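The values are calculated or read from the model by the stated rules, or taken from the named source; none is laboratory data. From a predicted model like this one, the values you see are computed outputs, not experimental measurements. Heads up, the Cβs are rebuilt from the backbone with ideal geometry, glycines too, and the neighbour counts pull from every protein chain shown.
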Amino acid sequence: MAKVIFNFLISPENKHRFESVCASNGLTMSSVLNGLIDSYVIGQVEIIEQRASQFQRLDEAIRATNQNRDHRCLADTDYDDDHGPIGFLYNDGGEIYTDDNF
């Protein structure tokens, strides 16, 4: 088994307590630390998956918002008479009816 030394800061009091508890349980400090690290990492799986799901939903919402914004921008675009959609009051060049005709 490969050995890796892992250094971290701990108060002298906590180090002494940890050494004493491990010794009284007949365990090495390394085995206890490995168990704690394994438990922590396994416990984080659900949290990490939830975050990934939340980011995915957020990305989808941003895309939908951007598409709606782009659609609204197109709807607000001014068209010229030659290329725009036919308006509600369309003049085909024929006679225009006004209130005077009735």
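Criterion applied to G35, G26 was being at positive phi, out of contact with any Ser or Thr (no Cβ under 8 Å at 6 or more places or on another chain) and without any contact (Cβ under 8 Å) to a residue 24 or more places away in the chain, and the one residue passing it is G26. Among the residues of the stretch 41-56, is any surrounded by 10 or more Cβ atoms within 10 Å (Cβ to Cβ), in a helix (DSSP H, G or I) and either touching a residue at least 24 places away in the same chain (Cβ under 8 Å) or touching a helix residue (DSSP H, G or I) at 6+ places or on another chain (Cβ under 6 Å) (or both)? No, the stretch 41-56 contains no residue that is surrounded by 10 or more Cβ atoms within 10 Å (Cβ to Cβ), in a helix (DSSP H, G or I) and either touching a residue at least 24 places away in the same chain (Cβ under 8 Å) or touching a helix residue (DSSP H, G or I) at 6+ places or on another chain (Cβ under 6 Å) (or both).
Does at least one position in the stretch 34-45 carry a residue that is at pLDDT 85 or above and over 30 Å from the mean Cα position of the chain (by Cα)? Within the stretch 34-45, one or more residues are at pLDDT 85 or above and over 30 Å from the mean Cα position of the chain (by Cα).
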